[in-house]
Amino acid sequence: MSIRPILTAGLLLACGLTPAFAKTKDKPDPYMPSGDPVDCISISQIRSSNVRDDRTIDFEVSGKKIYRNSLPNSCPSLGFERRFSYRTSISQLCSVDIITVLFNAGPGLQPGASCGLGKFQPMVKAPK
């Protein structure tokens, strides 16, 4: 599998869904941890991403399962821009991978800070 299609998929995933989550910060966290964290998730199973803040990204995968990635360090402007790209040479996104924040700059997007991912924590809806 080549790097170019995966980068494009990551870019489209992150950019195409950002406006829908613009007010996530104002809402209480609807999820709670469920089970042990995993090192990787399958890229082909990712349906959407939700940047919650500078350190937290929720990935929805097939079956409406949620995996939360808590970055080990804050990633400058990730929570504000709410879009990112990634590059991988395998069919999984893993805790050793790096994301790059994307800035809206004129007619296109420009790369910003690059930050390492953490493990992927399975999440479930919190009881009401």
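Between SER70 and PHE103, the simple label model (points 7 Å from Cα in the Cβ direction) yields a spacing of 2.9 nm.
Looking at the stretch 40-103, the trypsin sites (Lys or Arg not before Pro) that sit in a DSSP loop and have at most 16 other Cβ atoms within 10 Å of their own Cβ are ARG87.
How charged is the neighbourhood of VAL61? Take every other residue with its Cβ under 12 Å from the Cβ of VAL61, and add Lys/Arg as +1 and Asp/Glu as -1.
On the way: positive: ARG47, LYS64, LYS65, ARG68; negative: ASP58, GLU60.
Net charge in that neighbourhood comes out at +2.
Counted by Cβ distance under 9 Å from GLN121, the other residues give a net charge of +1, where Lys and Arg count +1 and Asp and Glu count -1. Computed from backbone phi, the HN-Hα couplings of the stretch 50-66 come to 9, 6, 8, 6, 5, 10, 9, 10, 9, 10, 8, 10, 3, x, 6, 7, 10 Hz, rounded to whole numbers (Karplus: 6.51 cos²θ - 1.76 cosθ + 1.60, θ = phi - 60°; Gly and Pro given as x).
The modelled label-to-label distance between ILE90 and SER34, using points 7 Å beyond Cα along the C-beta direction, is 2.6 nm.
The numbers here are math on the coordinates, done by the rules we state, and not lab data. Everything quoted here is computed from the prediction, not taken from an experiment. Cβ sites come from the backbone with ideal geometry, for glycine too, and all protein chains shown count toward neighbours.
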